[in-house]
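A.B. asks: Let me give you the structure first, and then I'll get to my questions.
The values are calculated or read from the model by the stated rules, or taken from the named source; none is laboratory data. What you see is a predicted model; the values in this text were computed from it and never measured. Here the Cβ is made from the backbone with ideal geometry for all residues, glycine too, and neighbour counts use every protein chain on show.
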Amino acid sequence: MAVTALFRHISKPQNYGPFCRIIGSATSLSAPIYENPFKTPFQVRSVTTPAEAVTGFDEMVTGSKRKYYMLGGKGGVGKTSCAASLAVKFANHGHPTMVVSTDPAHSLSDSFAQDLSGGMLVPVEGVDSQLFALEINPETAREELRTAIQTDGGTDVKDFINSMSLGMLADELGELELGKLLDTPPPGMDEAIAISKVMQILDSQEYSRFTRIVLDTAPTGHTLRLLSLPDFMDASLGKVMKLKKKLDSATSAIKSLLGKEEKRQNVSDKLEKLRERMAKVRDLFRDSDTTEFVIVTIPTVMAVSESARLHASLMKERVPVRTLIVNQILPPSATDCKFCEIRRKDQMRVLEMIRNDPELVNLRLVNAPLVDVEIRGVPALKFMGDMVWR
Ligand SMILES: Nc1ncnc2c1ncn2[C@@H]1O[C@H](COP(=O)(O)OP(=O)(O)OP(=O)(O)O)[C@@H](O)[C@H]1O
């Protein structure tokens with residue numbers, strides 16, 4: 001697909017729906033007054049959680065060099081809401097921003113309450129500055145790659161080699177199982193291809209203006225496998241490339257005799273480009289000057305345990321992590337709701353657990369309250385952004 005074809009414009013005005021009364025504040029001890037999007041001031045009740053911290057948004061927003069923020073965590077904790085709200089905030093601070101979902105189960109469209117599907121860059125309505133969203137369907141990205149390789153004769157490489165009586169090389173290529181890799185990809189592979197596609201888009205001159213890229217990633221398991229994948233891909237594709245070079249020199253004489261076209265050169269180029277992009281993805285994840293991985297969790301033992309494991313893996317892979325967002329914290333109950341009281345006590349215990357967890361203790365802890373409406377649409381995201389990203 002031509003890069004220019006990635007833009008799609010929304011002509012219909014969007015209805016964001018009513019928003020929003022809030023019942024808690026992000027870590028506030030002093031009960032600040034926030035303004036809702038309809039300009040009706042409302043009081044935010046305090047969430048009494050001791051470790052108040054800010055995400056250092058000033059630092060995040062400073063500078064026009066391109067920066068990447070990846071949000072990840074357990075399913076359903078609020079990754080998309082946090083990612084979308086960060087993107088809105090960057091855009092409202094003047095950064096041309098792109099928010100990208102590489103989660104096979106996209107929810108950016110739901111979060112923005114706009115249709116952002118289709119694998120193209122879509123402008124988000126209702127934001128002061130440039131904000132574009134992109135939902136990459138990892139399966140489609142994989143199919144595109146497969147078709148590109150097939151069209152250029154790539155899947156027939158093995159047959160072709162056999163027909164040239166180079167069976168030994170064919171076996172060697174077979175061992176690399178590139179075709180199988182695309183048929184039944186290991187978990188994380190689709191996302192790696194999707195991210196490499198994002199890199200391809202961002203590499204083009206046309207999109208060089210984007211200075212903030214926010215990635216809403218798939219739940220933890222995929223992220224972890226994704227991290228180790230570029231190395232694996234790099235090695236596999238590197239081997240394929242070497243083999244192809246050998247093959248090219250071995251067959252070029254025969255091919256020129258038979259007058260066959262050099263179709264496979266295209267395949268080689270594509271694989272080489274994919275390998276380069278995979279290597280770029282790997283480097284990007286580890287570059288603390290440009291990249292930050294933000295872990296999002298909720299105050300339950302299960303979610304926090306998973307976050308600790310995610311953090312340990314990210315550290316092992318040398319991915320920079322500074323912030324842990326604990327989302328959906330219940331505010332103190334204004335009524336004598338026993339259920340709410342018990343849940344909140346439970347949550348406070350979990351917050352204490354986070355503060356004492358050796359894996360998480362050094363992270364900036366940002367507590368975000370559970371609000372009494374769904375976070376949906378730009379005004380709601382703007383509101384969430386002002387609570388979380390400070
Ligand atoms: N602080 C909050 N208060 C109230 N509702 C919230 C809050 N944060 C998120 N939500 C709601 O919780 C639901 C799940 O949020 P979201 O889609 O952002 O999670 P996710 O981690 O991206 O999920 P998935 O793993 O399925 O992609 C949404 O309906 C969202 O509006």
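A.B. asks: If the requirement is being within 16 Å of the ligand (Cβ to nearest atom), at negative phi and either surrounded by 14 or more Cβ atoms within 10 Å (Cβ to Cβ) or in a helix (DSSP H, G or I) (or both), which of these qualifies: Gln347, Gln328? First the steps, then the outcome.
C.D. replies: On the way: Gln328 fails: at negative phi.
Unique residue meeting the criteria: Gln347.
A.B. asks: Here's another thing I want to ask about it. Quick one: how many residues across the stretch 357-377 are within 13 Å of the ligand (Cβ to nearest atom) and closer than 18 Å to Leu86 by Cα?
C.D. replies: Start the filter on the stretch 357-377 by keeping residues that are within 13 Å of the ligand (Cβ to nearest atom), which leaves 366-377.
In the following step, the residues that additionally are closer than 18 Å to Leu86 by Cα were identified as 366-371, 374-377.
Total meeting the criteria: 10.
A.B. asks: Follow-up question, since we're still on this one. Is it the case that some residue within the stretch 338-359 is acidic (Asp, Glu), farther than 22 Å from Gly75 by Cβ and modelled with pLDDT of 95 or more?
C.D. replies: At the first step, the residues of the stretch 338-359 found to be acidic (Asp, Glu) are 341, 346, 352, 357, 359.
Now narrow it down to the ones that are farther than 22 Å from Gly75 by Cβ: 341, 352.
With the extra rule that they be modelled with pLDDT of 95 or more, the set shrinks to 352.
Looking for residues that are acidic (Asp, Glu), farther than 22 Å from Gly75 by Cβ and modelled with pLDDT of 95 or more, one finds at least one in the stretch 338-359, hence yes.
A.B. asks: Restricting to the stretch 92-102, and then to whatever is touching a residue at least 40 places away in the same chain (Cβ under 8 Å) and surrounded by fewer than 24 Cβ atoms within 10 Å (Cβ to Cβ), can you tell me which residue is farthest from Leu202 (Cα to Cα)?
C.D. replies: Of the residues in the stretch 92-102, the ones touching a residue at least 40 places away in the same chain (Cβ under 8 Å) are 92, 95-102.
This time we only want the ones that are surrounded by fewer than 24 Cβ atoms within 10 Å (Cβ to Cβ), so: 92, 96.
On the way: Asn92: 21, Pro96: 12 Å.
In this case the residue turns out to be Asn92.
A.B. asks: So how many residues does the stretch 350-390 have that are within 27 Å of the chain's Cα centre (by Cα) and either among the acidic types (Asp, Glu) or not in a helix (DSSP H, G or I) (or both)?
C.D. replies: At the first step, the residues of the stretch 350-390 found to be within 27 Å of the chain's Cα centre (by Cα) are 350-351, 354-355, 357-390.
Then drop every residue that is not either among the acidic types (Asp, Glu) or not in a helix (DSSP H, G or I) (or both), which leaves 357-377, 386, 389-390.
Residues meeting the conditions: 24.
A.B. asks: If you check Asp386 against the conditions, is it within 16 Å of the ligand (Cβ to nearest atom) and modelled with pLDDT under 95? Steps first, please.
C.D. replies: On the way: within 16 Å of the ligand (Cβ to nearest atom): yes; modelled with pLDDT under 95: yes.
Against the criterion (within 16 Å of the ligand (Cβ to nearest atom) and modelled with pLDDT under 95), Asp386 qualifies.
A.B. asks: Here is a follow-up. Would the stretch 284-291 turn up any residue that is closer than 29 Å to Asn356 by Cβ, surrounded by fewer than 18 Cβ atoms within 10 Å (Cβ to Cβ), modelled with pLDDT of 65 or more and within 15 Å of the chain's Cα centre (by Cα)? Give the steps one after another, and end with the answer.
C.D. replies: In the first step, residues of the stretch 284-291 are kept if they are closer than 29 Å to Asn356 by Cβ; the result is 285-286, 288, 291.
Within this subset, residues satisfying the condition of being surrounded by fewer than 18 Cβ atoms within 10 Å (Cβ to Cβ) are 286, 288.
Those left that are additionally modelled with pLDDT of 65 or more: 286, 288.
Right, trim to within 15 Å of the chain's Cα centre (by Cα) and you get 286.
So far as the stretch 284-291 goes, yes, one or more of its residues are closer than 29 Å to Asn356 by Cβ, surrounded by fewer than 18 Cβ atoms within 10 Å (Cβ to Cβ), modelled with pLDDT of 65 or more and within 15 Å of the chain's Cα centre (by Cα).
A.B. asks: Within the stretch 76-91, how many residues turn out to be surrounded by fewer than 23 Cβ atoms within 10 Å (Cβ to Cβ) and touching a helix residue (DSSP H, G or I) at 6+ places or on another chain (Cβ under 8 Å)?
C.D. replies: Kept after step one, since they are surrounded by fewer than 23 Cβ atoms within 10 Å (Cβ to Cβ), are these residues of the stretch 76-91: 76.
This time we only want the ones that are touching a helix residue (DSSP H, G or I) at 6+ places or on another chain (Cβ under 8 Å), so: none.
Qualifying residue count, the stretch 76-91: 0.
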